[in-house]
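Read the figures in this text as sums done on the coordinates, not as results from a lab. Everything quoted here is computed from the prediction, not taken from an experiment. With ideal geometry, Cβ positions are generated from the backbone for all residues, glycine too; neighbour counts draw on all protein chains shown.
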Amino acid sequence: MTALLQVKALAVSYGVVPAVDGVSLEIKPGELRVILGANGAGKTTIIKTLFGLLRARAGEISFNEEIDLLRLKPHQIHALGVAWVPEGRQLWNTLSVMDNLRLGGFGMKDKALLERRIEGMLERFPRLRERHNQIAGSLSGGEQQMVAIARALISAPRLVLMDEPSLGLAPLMVREVFDLVREINAMGIAILMVEQNARQALKVAHWAYLLETGRIVESGPAAEIASKESVQAVFLGGHA
Amino acid sequence: MELLLQQLANGLVIGSTYAVVAIGFALAFTVLRVINFAHPDIFMVGMFAGLVGAAQWPALGFAIAILAGALGACFVGFALERAVIAPLRGRDVLMTLIGTLGVAICLQNGMALIAGPDPVAYPALLPRQFVDIGPVALTLRQILNFGISLCLLILVSLYVRRTAFGRATRAIAERPDVAAAFGVNVARICRLTILLASSMAGIAAVSVGVLYGSASAFVGLLYGLKAFICMLVAGNRYFEGVMVVGLAIGVIEALVTGYLSSSLRDAAAFFVLIGVLYFRPNGLFGSYAA
């Protein structure tokens, strides 16, 4: 199967400080892959570069093996069917839940379809229906994460980039979010997730990459990675 | 009591103009991250464009002046965006500040070269007529100025709250990166925002020109300063907040003129600014984090 997204020898730096240094990875349609790494390993940098929000110093990023993402603007990349669940949700806090969802489908020409999709999301997340007129900034962390995920799904993307979806959530909510990740993937949507919660992420992912100071140090099927001693020591060690 | 009501009415009339100009500042600042020092002079160009329009087609009077004012200001706004703001986007905020300041100086002195440095008479496009509303006497020109400004403010509010482009405008104001990643063409919305701010300023300028019966190449300075203060006092989080502060500053000035001294009028806004920022550095209604 051809790769949906392919990154080759990507290098990104902030000024002279390299943040990502020669990262190669790929994801096939319908797959769920995770990039594990500590704070500052370069996870968010990779996602922002995929979206055209940061400029790559070197390397290639291709979509569907033919489209060069490095030449496109963020809104053009979104139009290809790529959606984003940013780190820390990053909702439009002064806008209502409904407006956040509507903006998720900003590029959609068919407004009736957009309304149907929003209705579908409110169906799936009844808590959001209760709060649909509230401003997003007034929701709890878990509810905000649901808005962030629903907002990403409105445009019916082929690939969702998820940046630490479990960050800052209560344990019960963390489990709900990972269930949701699995559910989205089961719908056939490819997911490239960046996480620090290795234990949960390795349970849902098909494939995992380990990122350390801007370089991929390990990669392989999630189950294999989870059983590696080095990984256990760094990411899974200590507490159960 | 009568003086109070009269000054309140006078204040609202001029405050509504401050509010329109201030919204233009606020739009440019929140959406494009630009302190657009050329905005007051776009207002000034709009005023002269209206004057020229009215002179060309006298039969069409006020309507053509408004249209010409909007188009003239819109054109300058367009050129400013293309030539200065867009090329400097993403750079340090000081760069665009200096760029727009340069354009402002060119516009002022360019107009002074064409029209002369002294105020010129504005065509009397509306009859000089008083209207009594209870104990308050306003001129037809004042009422129309207030009405036009209020319409503009309501339209902007509806635009940013009820339309897809307006929502995208607010989305860029709060999180430009996320907006771009969700399919918003940021460059296009930025262009549209400048055009909107400029044409509004042009319309308000024609109305003010008719109200006071004069136009000057340096008229932008006063309105620009007041409008800038309105934005700082309100904070840039809610456009409606900027509108309310615009009206309030107008009223405060009118009350100062009525009860204290007209020579203190222009200082009033600064006292408000200092007072508010001392207690609420992010403005009365809050600001987006930079």
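Residues with beta-carbon under 15 Å from that of A:Glu130, excluding A:Glu130: net charge, scoring Lys, Arg +1 and Asp, Glu -1? Intermediate results must be reported in sequence, preceding the final value.
On the way: positive: A:Arg124, A:Arg127, A:Arg129, A:Arg131; negative: A:Glu119, A:Glu123, A:Glu143.
That sum, taken over residues with Cβ under 15 Å, equals +1.
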Length-normalised contact order of the range A:1-87, Cα under 8 Å, at least 6 apart, in percent, tallies to 33
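Explain nothing, just the number: relative contact order of chain B, from Cα pairs under 8 Å at least 6 residues apart, as a whole percent. Provide the component values of the computation, followed by the final result.
Details: 505 pairs, mean separation 103.6, N = 290.
Relative CO of chain B lands at 36 percent.
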Applying the span-like rule to chain B (DSSP H, Cα extent along axis at least 24 Å, Kyte-Doolittle mean at least 1.6) gives B:61-80, B:93-115, B:186-212, B:239-259
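For chain A, what relative contact order do you get, as a whole percent, if you take Cα pairs closer than 8 Å and at least 6 residues apart? Each step should come with its number before you reach the end.
Details: 457 pairs, mean separation 65.4, N = 240.
Normalised by residue count, the contact order of chain A is 27 percent.
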If each K or R counts +1 and each D or E counts -1, the residues other than A:Met193 whose Cβ falls under 9 Å of its Cβ total -2
If every Lys and Arg gets +1 and every Asp and Glu gets -1 at its Cβ, then about the Cα centre the range A:83-157 yields a dipole, in debye to the nearest 20, of 100
When the charge dipole of the protein assembly as shown is computed with +1 on Lys and Arg Cβ and -1 on Asp and Glu Cβ about the Cα centre, the Cα farthest towards its positive end, among A:Ile35, B:Leu277, B:Ala124, belongs to B:Ala124
To the nearest 10 degrees, the tilt of helix A:141-153 (Cα long axis) against the first principal axis of the alpha carbons of chain A is 90
In terms of the charge dipole of the range A:121-239, which places +1 on Lys and Arg and -1 on Asp and Glu at the beta carbon, the residue among A:Ile149, A:Pro171, A:Leu122 farthest towards the positive end is A:Leu122
Given unit charges at Cβ for Lys, Arg (+) and Asp, Glu (-), the dipole magnitude of the range B:2-279 about its Cα centre in debye, nearest 20, is 760
Rounded to the nearest 5, the percent of DSSP beta bridges in the protein assembly as shown running antiparallel is 60
Of all lysine pairs in the protein assembly as shown that are eight or more residues apart or on different chains, those with Cα atoms under 23 Å apart total 14
Helix A:111-124 sits off the longest principal axis of the Cα atoms of chain A, rounded to the nearest 10 on a 0 to 90 degree scale, by 80
Checked against the positive end of the charge dipole of the range B:2-279 (+1 on Cβ of Lys and Arg, -1 on Cβ of Asp and Glu, about the Cα centre), the farthest of B:Ala49, B:Leu60, B:Leu32 is B:Leu32
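Using unit Cβ charges (K, R positive; D, E negative) and no other charged atoms, how large, in debye to the nearest 20, is the dipole of the protein assembly as shown about its Cα centre? Kindly include the intermediate steps, with their values, before the conclusion.
On the way: 44 positive and 36 negative charges, 81 e Å.
In total the dipole reaches around 400 debye.
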Residues A:Trp207, B:Trp57, A:Trp92 in order from fewest to most other beta-carbon atoms within 10 Å are B:Trp57, A:Trp207, A:Trp92
With Cα coordinates, the longest principal axis of chain A makes an angle with the long axis of helix A:171-186, in degrees rounded to 10, of 90
